[in-house]
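Below: one structure, written as structure tokens.
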Amino acid sequence: MTSPENPQAPQTAQTTQSAQSTQDTQDTQAAPSAPAPKRFWCQLAWIGGEIKSKVLIEVAQGRITAVTCGVKPRPDDAERLAGLTIPGLANVHSHAFHRALRGRTQVESGTFWTWRERMYEAAAHLDPDSYRELATAVFAEMALAGVTAVGEFHYLHHSPKGGLYQDPNAMGHALAEAAQAAGIRITLLDTCYLSGGFDTELNDVQRRFSDGDAGRWADRVDALRKAYAGSDSVRIGTAVHSVRAVPVDQLSPVVAFAAENEMPLHVHLSEQRAENDACLARHHKTPTELLHAHGALGPRTTAVHATHLSQMDIDLLGTSGTAVCMCPTTERDLADGIGPAHAVHLAGAPVNLGSDSHAVIDLFEEARAVELDERLRTERRGHWPASELLQAATEAGHASLGWPGAGRLEVGALADFTTIALDTVRLAGVQPAHAAESVVFAATAADVRHVVVAGRFTVRDHRHALVEDVPGRLAATIGAIFK
């Protein structure tokens, strides 16, 4: 994979206006406080699916303006990034408040449905202030793990008893502010959640999730969308919680609103066999077929989990170009099953990754689990090259979240990148030619040395640059929930 570079004749790509698409130009919207031009010298960098050495990345206004390979010695004014630098990781599917459950739900047996009761207990304790505190700590943990953008699947909209806050989007603003405080980008996937199941009323906890109908949901989300229209770090997307939580007569209005405003649309899909069975009994269609019938599939849509699919479901996802977000650490923690990630990939569906319930926050673990789970299922090795798994964790994830200008180390891209230390006990002895394979199959979040977002350090030398004492902050905020 490694190609030799001639240090006397470095390969250079300079910024030109044509290097940026119209969408990328929209991505920029640089804040007045945009950093001065910077240069970063990478010991190794993963560029276009190949490992390059001694790479100089130049940044201005939060974007990469030049990439030059084979630069030695390191320029005196360039920050040294020792290790392997890759585009920033995109955590496509997150429920920040689930982080409070880590360990607590491991003391019991049961299923997803029994776990859900513990999750509801945690949700009932959160208000805008406590959620901002918790989410800031959780997003800081993500940054320490190399994440530069998160998709927050948000449905804690209202007060614990279901009433509106003075600002109906107070909880959403709390999440956006938390991501900004933690130094990462966020796509807030505002979620429509209207029923407790097929023909089932909302329970006491679920009432805070609901706006009553899709029209009122859309009005609230539109106000949120307008509030962040000029932001360079916050995007507003949409979500259908699941086909069981959005009645069939409300699906089309949600889909239409997302399409009209060109917003990402995410949906929990076939995570549980029970959901499939109930959908077939009520509508005589699988959840995938039901979404297809209402125009919900397509390139701006991401199906999360997609664990229990028929061949027809796989074909519908693939031919429509619907992305699929796999969350293996959560799917195995909740005993959901192993999803057909490789089959949907071969059918044409882009695959990306999320940490969902945050049983762990480690996108390297999510990436290798996609391959290792397939090995367990098939009793055969080698389904996913490391480069494809890195692409799922970076470029494909950012595309799903509405950040097409991120996820690549190239001229015009957002200057968001992550450096993995190669001198840790897990990665010591790595050869450059196999650095991608070593990182995907051996690295952990603890190996992340630096994280740069918009050309600024969010994490430097394994320490968060913006949030002090992330472990202490997590302990305090989680302790307050369960006091």
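Before moving on, here are some points about what is shown:
- Accessible-area value, Lys54, 1.4 Å probe, nucleic acids and ligands omitted, Å²: 70
- Pair-distance profile P(r), taking every C-alpha pair of the range 347-412, with 10 angstrom steps and integer %: 20, 46, 28, 5, 0
- Using the Cα coordinates of the range 365-483, the gyration tensor eigenvalues translate into equivalent-ellipsoid semi-axes of 27, 21, 17 Å, sorted from longest to shortest.
- Per residue value of the accessible surface for the chain (all protein chains in place, 1.4 Å probe), Å²: 38
- Share antiparallel - DSSP beta bridges, the chain, percent rounded to 5: 45
- Projected-area average for the range 271-311 over all orientations - Cα convex hull basis, square nanometres: 3.0
- Taking the protein heavy atoms of the chain in the context of the full set of protein chains, the accessible area attributed to carbon and sulfur is 51 percent at 1.4 Å.
- Semi-axes of the equivalent ellipsoid for the range 212-258, Cα gyration tensor, largest first, Å: 23, 11, 8
- Proximal lysines to Lys54, defined as alpha-carbon separation beneath 29 angstrom and excluding residues fewer than eight positions away on the same chain: Lys38, Lys72
- Helix-only CD estimate at 222 nm, as mean residue ellipticity for the chain, using -39500 (n - 2.57) per DSSP H run (n ≥ 4): -10500 deg cm²/dmol
- Val425 contributes an accessible area of around 130 Å² to the protein surface, as traced by a 1.4 Å probe with all chains present.
- 5 angstrom amide H check on Asp356, placed H, neighbours 5+ away: His93, Ser94, His95
- Accessible area of Arg449 (1.4 Å probe, protein heavy atoms only, ligands and nucleic acids ignored): about 40 Å².
- Three-way shape label, the range 244-325, alpha-carbon gyration tensor, a/c 1.5: oblate
- Amide H contacts of Arg185 (H built 1.01 Å from N, under 5 Å, at least 5 apart or other chain): Ala149, Val150
- Listed by chain and number, the lysines whose alpha-carbon sits under 29 Å from that of Lys161, ignoring those within fewer than 8 places in the same chain, are Lys226, Lys483.
- For the range 68-177, the Kirkwood estimate of the hydrodynamic radius, built from every pair of different alpha carbons, is 16.8 Å.
- Residues Ala428 and Ala259, FRET efficiency given R0 of 35 Å [Cβ-Cβ distance, rounded to 0.05]: 0.10
- Max-minus-min Cα coordinates of the range 182-270 on each principal axis give 41, 29, 25 Å, with the largest extent listed first.
- Over the chain, Cα pairs under 8 Å with separation of 6+ residues give a relative contact order of 20 percent.
- In a DSSP loop and with at most 16 other Cβ atoms within 10 Å, there are no chymotrypsin sites (Phe, Trp or Tyr not before Pro) in the range 395-472.
- Using only alpha carbons, the range 251-376 has a radius of gyration to Kirkwood radius ratio (Rg to Rh) of 0.96.
- Net charge of Cβ neighbours under 11 Å - reference Phe153; Lys, Arg +1; Asp, Glu -1: -3
- Based on the Stokes-Einstein relation at 20 °C and a viscosity of 1.002 mPa s, and on the Kirkwood radius from alpha carbon pairs, the range 109-223 is assigned a translational diffusion coefficient of 143 µm²/s.
The values are calculated or read from the model by the stated rules, or taken from the named source; none is laboratory data. Computed from a predicted model, the values in this text were never measured in an experiment. Note that each Cβ is placed from the backbone with ideal geometry, even for glycine, and that neighbours are counted across all protein chains shown. Side chains included, ligands, DNA and RNA excluded: accessible areas come from the protein's heavy atoms. Shrake-Rupley method; radii C 1.70, N 1.55, O 1.52, S 1.80 Å.
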